[in-house]
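Below is one structure; the comments refer to it alone.
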Amino acid sequence: MRDKPYAFVIGGTGMLERVCHWLVEHNYFVSVLNRNRDKFDKMKHKNASPDNFHPLTVDYHDTEQLQQKVNEAINEFGVPDLVISWIHSSAPEALPTILDQLKVWEKPWKLLHVQGSSSFFVKENTTVPDNCQYRRVYLGFVIEDGGSRWLTHDEIANGVIKVIQRDYKETVVGTLKPWSKRPQ
Ligand SMILES: NC(=O)c1ccc[n+]([C@@H]2O[C@H](COP(=O)([O-])OP(=O)(O)OC[C@H]3O[C@@H](n4cnc5c(N)ncnc54)[C@H](OP(=O)(O)O)[C@@H]3O)[C@@H](O)[C@H]2O)c1
């Protein structure tokens, strides 16, 4: 068991990279789920405390491997205090698989579920264990200069960090309204 808070970040070498650095700067030990180990290594060496990153390298479409890797991480580092999930819709089983590995533990923990804009309109009912506090972040878009654009990595990371700090239950980074103005 570690003496610092522990986070799992799924998709942490992409647009959530800055969130991982922020967590380490705020005393977390962070397991980053990824496929590309080189990308992970480059990322951790950008940080002044690279030893506070752990690579959980697995393709999240591979349910058996995912179960195994998540269990290994729990056995080695303990139950995470915070799970941040950005998973593509091509892997609908990935989050339930991770939640399944965590439900046997009694310790309370928080899930920050990052979802794309289209999910806002088909509100998915994510079933979480009783000891999980569920937080949802929708990624919207930005209206500017008479047009619109998708969010930058920095805007996404800042939005997620704000949710961690302020503990919003459900929020939208950017806007989703009017939907007709979304970038085409
Ligand atoms: N509303 C919005 O504005 C909005 C919404 C969504 C996305 N975007 C933008 O769209 C861009 C593309 O999105 P993206 O999701 O590809 O970006 P991303 O967050 O930059 O990259 C995906 C992340 O998930 C990991 N990953 C992907 N597939 C995986 C798999 N099968 N198994 C394990 N890990 C996996 C990747 O690691 P590996 O590289 O190691 O596989 C990486 O860390 C982003 O740069 C973002 O800015 C914008």
Exercise. Take Asn52 and decide whether it is polar (S, T, N, Q) and open to solvent by 30 Å² or more (accessible area, probe 1.4 Å).
Key: no
Counting only residues that are at pLDDT below 95 and either among the charged types (D, E, K, R) or open to solvent by less than 20 Å² (accessible area, probe 1.4 Å) (or both), the stretch 80-92 contains a total of 0
Filter the stretch 125-142 for residues that are over 14 Å from Glu170 (Cβ atoms) and either open to solvent by less than 80 Å² (accessible area, probe 1.4 Å) or among the basic types (Lys, Arg) (or both); the one that is farthest from the ligand (Cβ to nearest atom) is Asn131
Among residues of the stretch 143-162 being farther than 13 Å from Leu16 by Cα and within 15 Å of the ligand (Cβ to nearest atom), the residue most open to solvent (accessible area, probe 1.4 Å) is Trp150
Taking the stretch 97-124 and the residues there that are touching a residue at least 60 places away in the same chain (Cβ under 8 Å) and among the β-branched types (Val, Ile, Thr), the one that is surrounded by the most Cβ atoms within 10 Å (Cβ to Cβ) would be Val114
Out of (1) farther than 26 Å from Lys103 by Cβ; (2) more than 10 Å from the ligand (Cβ to nearest atom); (3) without any contact (Cβ under 8 Å) to a residue 60 or more places away in the chain, the one Trp22 does not meet is (3)
Determine whether the stretch 34-46 contains at least one residue that is in contact with a helix residue (DSSP H, G or I) (Cβ under 9 Å, 6 or more places away or on another chain) and closer than 21 Å to Gln115 by Cβ. yes
Taking the stretch 38-96 and keeping only residues that are away from the ligand (no atom under 12 Å from the Cβ) and among the hydroxyl-bearing types (Ser, Thr, Tyr), one is left with Ser49
Taking first residues from the stretch 155-184 that are touching a residue at least 40 places away in the same chain (Cβ under 8 Å) and over 10 Å from Gly140 (Cβ atoms) and second residues anywhere that are of a type in the set (Ser, Thr, Tyr) and surrounded by fewer than 16 Cβ atoms within 10 Å (Cβ to Cβ), the pairs with Cβ under 8 Å that are 6 or more apart or on different chains are Val163/Thr171
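The values are calculated or read from the model by the stated rules, or taken from the named source; none is laboratory data. Just so it is clear, the structure is predicted and the values come from calculations on it, not from any experiment. All Cβ positions, even for glycine, are placed from backbone atoms using ideal geometry, and neighbour counts span all protein chains on display. Just so you know, the surface numbers come from the protein's heavy atoms only, side chains and all, with ligands and any DNA or RNA stripped out. Shrake-Rupley method; radii C 1.70, N 1.55, O 1.52, S 1.80 Å.
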